[in-house]
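Undergrad: Starting off with a structure, shown below.
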Amino acid sequence: MMFIGEIGINHNGNLDIAMDLIDIAYENGVDVVKFQKRTPELCVPENEWDKVRETPWGTRSYIQYKNDIEFVAVEYDLIDAYCKKLGIQWTASVWDVPSLEFIMQYDVPFIKIASACLTNKKLLRAINDTKMPVVMSTGMSTFEEIEQAINILESCDVSLLYCKSGYPTPNNEINLNGMVSLMEKYPCMKIGYSGHEIDIMPTMLAYTLGANILERHITLDRNMWGTDQSISLNPDLLQTLMDELNQIDSILGCHDINVQSCEIPAINKMRN
């Protein structure tokens, strides 16, 4: 099972915060940390550019804010070097073609496609041209839209992450059996779960149901400024989740019906 720690934009444009989150992911056995890469002028609708937003750095137009939190080459070069030093992999969700071309400069294990980009055919075609492994989230999508995206990505080894794009997603709207339906429809694919809920139980249930990949947002503090902080796992919750996941295989055990060593005293006491 691969666990992706989604740093996303929880670094708020601060490289020190990003490095701290990489450290926390590494210390808790996360396999891959993931960022988000955008060209704001391409991803933000023009009618949103001049809207005023209050930020920790003062009043900003929305387009300025989006540029303020966007890492560029100097930061990603340092991230790349630091991850190599630690021995943890990193990648990014790419939201537009220039961002894809930028991330392709690095030796990332796969390209991530965010739920919001699943219907972006221009981007999907550009990703297909790379022939890179792809992990694609399926939030906000129908079976038909997922199938169309997979068909465009015919040259890529595609894995799917079942996902609900509610921030947060209420537990009663996760519908985790939908992940099982993806497994049944695409038995030859790796299928996983990307969660935006508050707690950790749905992620554990997804693993128990057979998820090959798990993804959760991570943060230093849920009270930090930013849109994704409240649905992210702080260090304590990340550690708790990883500890619980590590116990699941042992608890499930094998399919045999047999007598366990802990039962011998009961047999001697109650059957003899």
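Undergrad: If the elastic network links every pair of Cα atoms under 10 Å, which of Val32, Val158, Val52 fluctuates the most in the Gaussian network model of the chain?
TA: Val52
Undergrad: Something else: Aspartates and glutamates near Lys85 by alpha-carbon distance under 18 Å, same-chain residues fewer than 8 away left out - which ones?
TA: Those aspartates and glutamates meeting the cut-off are Asp16, Asp20, Asp23, Glu27, Asp31, Glu75, Asp77, Asp107.
Undergrad: Given H placed on each backbone N at 1.01 Å, which residues far from Asn234 in sequence or on other chains put an amide H within less than 5 Å of it?
TA: Hits under the 5 Å cutoff: Thr219.
Undergrad: Largest first and in whole Å, give the semi-axes of the chain's equivalent ellipsoid, each being the square root of 5 times a Cα gyration tensor eigenvalue.
TA: 36, 23, 18
Undergrad: Quick query: amide H of Met140 versus all other amide H atoms, modeled in the peptide plane; which residues come in under 5 Å with a sequence gap of 5 or more or a different chain?
TA: For Met140, whose amide H was placed from the backbone, the distant partners under 5 Å are Ser165.
Undergrad: Could you work out, for segment 47-178, what percent of all Cα-Cα pairs fall into each 10 Å distance bin, beginning at 0 Å and stopping at the bin that holds the largest distance?
TA: 11, 32, 33, 23, 1
Undergrad: Per residue Cα convex hull volume for segment 77-145, in cubic angstrom?
TA: Per-residue hull volume (Cα only) is 91 Å³.
Undergrad: Once phi is turned into ³J(HN,Hα) by the Karplus curve 6.51 cos²θ - 1.76 cosθ + 1.60 with θ = phi - 60°, what whole-Hz value does each residue of segment 51-59 show in order, with x for glycine and proline?
TA: Running phi through 6.51 cos²θ - 1.76 cosθ + 1.60 with θ = phi - 60° gives 5, 7, 10, 7, 10, x, 9, x, 6 Hz.
Undergrad: Go through Ser137, Ser61, Ile198 and say which Cα lies farthest out towards the positive end of the charge dipole of segment 2-270; charges sit on Cβ, +1 for Lys and Arg, -1 for Asp and Glu.
TA: Ser137
Undergrad: Which of Ala81, Ala114, Ala211 moves most in a GNM of the chain, Cα contacts under 10 Å?
TA: Ala81
Undergrad: Follow-up. Determine the calculated [θ] at 222 nm for the chain from helices alone, applying -39500 (n - 2.57) to every DSSP H run no shorter than 4 residues and normalising by the residue count; nearest 500 deg cm²/dmol.
TA: It comes out at -11500 deg cm²/dmol, rounded to the nearest 500.
Undergrad: I would also like to ask the following. Separation of segment 112-132 and segment 39-81 by C-alpha centroid, Å?
TA: Result: 22 Å between the Cα centres.
Undergrad: Provide the per-residue ³J(HN,Hα) series for segment 127-144, in order, calculated from phi with Karplus coefficients 6.51, -1.76, 1.60 and θ = phi - 60°, each as a whole number of Hz, with x at glycine and proline positions.
TA: Taking θ as phi minus 60°, the curve returns 5, 4, 5, 6, 6, 7, x, 10, 10, 10, 7, 10, x, 6, 10, 9, 4, 5 Hz for segment 127-144.
Undergrad: If you don't mind, there's one more thing I want to ask. Ordered by residue, what ³J(HN,Hα) values in Hz, to whole numbers, does segment 116-125 give under the Karplus form 6.51 cos²θ - 1.76 cosθ + 1.60, where θ = phi - 60° and Gly and Pro are x?
TA: Those phi angles translate into 5, 9, 4, 9, 7, 5, 4, 5, 4, 5 Hz.
Undergrad: Let me ask something additional. Roughly what angle does helix 73-86 make with the longest principal axis of the chain, taking Cα atoms, 0 to 90 degrees, to the nearest 10?
TA: Orientation of helix 73-86: about 20 degrees from the principal axis.
Undergrad: Something else now. Starting from the alpha-carbon convex hull of segment 144-244, give the projected area averaged over all orientations, in nm².
TA: Its average projected convex-hull area is 7.2 nm².
Undergrad: Over 13 Å, how big is the tail of the calculated P(r) for segment 197-252, in percent of all Cα pairs?
TA: 60
Undergrad: Name the most mobile residue of Leu220, Leu78, Leu182, meaning the one with the largest mean-square fluctuation, in a Gaussian network model of the chain with Cα contacts below 10 Å.
TA: Leu78
Undergrad: How high is the relative contact order of the chain? Use alpha-carbon pairs under 8 Å, at least six apart in sequence, and give a whole percent.
TA: Reported as a whole number, the value is 17 percent.
Undergrad: Can you list residues whose amide H is under 5 Å from Ile113's amide H, if they're 5+ apart or on another chain and H is modeled 1.01 Å from N?
TA: Val135, Met136, Ser137
Undergrad: Need the list of lysines near Lys121 for cross-linking: C-alpha distance under 20 angstrom, and skip anything on the same chain fewer than eight residues off.
TA: Lys37, Lys112, Lys131
Undergrad: Moving on to the next point. So how far apart, in nm, are the two label points at Asp50 and Ala81 if each is 7 Å from Cα heading toward Cβ?
TA: It works out to 4.2 nm between the two label points.
Undergrad: Mind sorting Ile4, Ile267 by how few other Cβ atoms lie within 10 Å of their own Cβ, fewest first?
TA: If I rank by nearby Cβ atoms, fewest first, I get Ile267, Ile4.
None of the figures in this text is laboratory data; all of them are computed from the coordinates on show. Remember, predicted model here, so these are calculated numbers, not experimental data. Backbone-built Cβ (ideal geometry, glycine too); neighbour counts: all protein chains shown.
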